[in-house]
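Readers should treat all values here as calculations from the given coordinates under stated rules, not as data from a laboratory. A quick note: this is a predicted structure, and the numbers were derived from the prediction, not measured. As a convention, Cβ positions derive from the backbone with ideal geometry for all residues, glycine included, and neighbour counts pool all protein chains shown.
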Amino acid sequence: MTQSQQSHRKDEHVFLAEKYFKADANAGFDQIRLLHRALPETALADVDLTPPLPFGWRWPIYINAMTGGSPQTGKLNAQLGQLANALDVAIASGSQSVALHDPGLSSTFTTLRQHNPDGFILANIGAGHDIHAAMKAVAMLHANALEVHLNAAQEVVMPEGDRDFLWHDNIQAIAAGVSVPVVAKEVGNGFIREDLQTLQQLGIRYVDVGGRGGTNFAIIENARRPQQDFGYMRDWGQTTAESLLEARGLPLTILATGGVRSPLDVIKAQRLGAHAVGISGLVLHHLIQTGYAATLAYFQEFLHQIQQLYALLGVTNWQALQTAPALLGTELEHYRRARNLPAI
């Protein structure tokens, strides 16, 4: 594939991600009910949102992987870097595979670091890459961590996608050989417990469950197919809420991405065990529709509302949130029981 074709594909991904963006996602958060406390006995000033992570993050949200690989997406990455810097939140790069194949495209990714010189940045490669590619991706961004994305469903539907998914050896080598923390990340189809346990055995300690309900790359790639014959993949995979239930009780640090649309979604994901919550589609949507300044103001208020909701629930930190009274809806509770997963 030529540089021009690769860049065009990256632009298509952004266009289609925005085209299929839904204000009301279906990630399962509607199946989680947090019970109101009439006597919360809390003060807003006492709320500490610092997530229980060894990374030193200040906030429980981060900007997750989106884009890069073309002049247009490079401009978006510049804004995303600025946004992460202004909000003091971590940010993950989009897949750097294209820049590893063509170093001429690396500037569309390094702009993240240029606009966020002291921030926490996660590099990003696919699980089909080896340890040497992983190290190059980290070095490219002077990254603090590395996401290794798992995107089998996307690759199957992508007209020019990979057809081999023999990833265990690569993941194990990267987990053992890269000098920064490694996060295994699904791109929107979630996890079952068995795969999470396999990742643990391969040396992975951090997992982003990347559940169904947000950006659906199978549907995005289907739109790029001449026949558009994979439309039935719309509901493929486990929702973010289901994936969080799958992860409960495992000795893994869990991040959650997929269909996060509100501060309440963030807190519901945390109540199910997410240590921090990634947001992608919502950030991209606001940047495209409202511009940088309005997006910054929106997410500043977003963070403030998370703090307010903690206080409303009568909790002042993540640990206390884990025992806040909560109920699962019938559908999600049925899923939990069918899969014999731990109760909340």
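Here are the numbers for this structure:
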quantity	calculated
Any chance residue 271 is in contact with a Pro (Cβ under 9 Å, 6 or more places away or on another chain) and among the charged types (D, E, K, R)	no
Residues that are surrounded by fewer than 24 Cβ atoms within 10 Å (Cβ to Cβ), over 14 Å from residue 211 (Cα atoms) and not basic (Lys, Arg), drawn from segment 234-269	249, 250, 251, 252, 253, 262, 263, 264
Condition met for residue 310 (surrounded by 24 or more Cβ atoms within 10 Å (Cβ to Cβ) and over 17 Å from residue 27 (Cα atoms))	yes
Single match in 97, 179, 93 (criterion: buried (at least 24 other Cβ atoms within 10 Å of the Cβ), within 25 Å of residue 256 (Cα to Cα), out of contact with any Ser or Thr (no Cβ under 7 Å at 6 or more places or on another chain) and polar (S, T, N, Q))	93
Members of segment 290-344 that are part of a helix (DSSP H, G or I), touching a Gly at 6+ places or on another chain (Cβ under 9 Å) and more than 19 Å from residue 61 (Cα to Cα)	331, 332, 335
Meets criteria (over 22 Å from residue 30 (Cβ atoms) and surrounded by fewer than 15 Cβ atoms within 10 Å (Cβ to Cβ)) for residue 291	yes
Hits in segment 100-115 (condition: of a type outside the set (S, T, N, Q), farther than 19 Å from residue 180 by Cβ and either buried (at least 22 other Cβ atoms within 10 Å of the Cβ) or in contact (Cβ under 8 Å) with a residue 24 or more places away in the chain (or both))	101, 102, 104, 105, 115
Near pairs, Cβ below 6 angstrom, 6+ apart or cross-chain, from segment 163-187 (closer than 20 Å to residue 237 by Cα and in contact (Cβ under 8 Å) with a residue 12 or more places away in the chain) to any residue that is part of a helix (DSSP H, G or I) and hydrophobic (A, V, I, L, M, F, W, C)	165/152; 184/199; 187/217
Members of segment 50-108 found to be part of a loop (DSSP other than H, G, I, E, B) and more than 30 Å from residue 317 (Cβ to Cβ), listed by number	67, 68, 69, 70, 94, 95, 96, 102, 106
Among (1) within 23 Å of residue 248 (Cβ to Cβ); (2) in contact (Cβ under 8 Å) with a residue 12 or more places away in the chain, the one test that residue 295 misses	(1)
Set 215, 253: member being more than 21 Å from residue 309 (Cβ to Cβ) and touching a Lys or Arg at 6+ places or on another chain (Cβ under 7 Å)	253
Residue satisfying condition, being surrounded by fewer than 17 Cβ atoms within 10 Å (Cβ to Cβ), of a type outside the set (Gly, Ala, Ser) and assigned to a helix (DSSP H, G or I), within set 118, 164, 169	169
The one condition in (1) in contact with a helix residue (DSSP H, G or I) (Cβ under 6 Å, 6 or more places away or on another chain); (2) assigned to a helix (DSSP H, G or I) that residue 198 fails to fulfil	(1)
Condition met for residue 15 (surrounded by fewer than 20 Cβ atoms within 10 Å (Cβ to Cβ), touching a helix residue (DSSP H, G or I) at 6+ places or on another chain (Cβ under 6 Å) and among the aromatic types (Phe, Trp, Tyr))	no
Filtered residues of segment 19-36 (kept if assigned to a loop (DSSP other than H, G, I, E, B) and basic (Lys, Arg))	22
Options 140, 135, 158: the member that is in contact with an Asp or Glu (Cβ under 7 Å, 6 or more places away or on another chain) and at negative phi	158
Qualifying positions in segment 240-279 - charged (D, E, K, R), assigned to a loop (DSSP other than H, G, I, E, B) and within 20 Å of residue 35 (Cβ to Cβ)	248
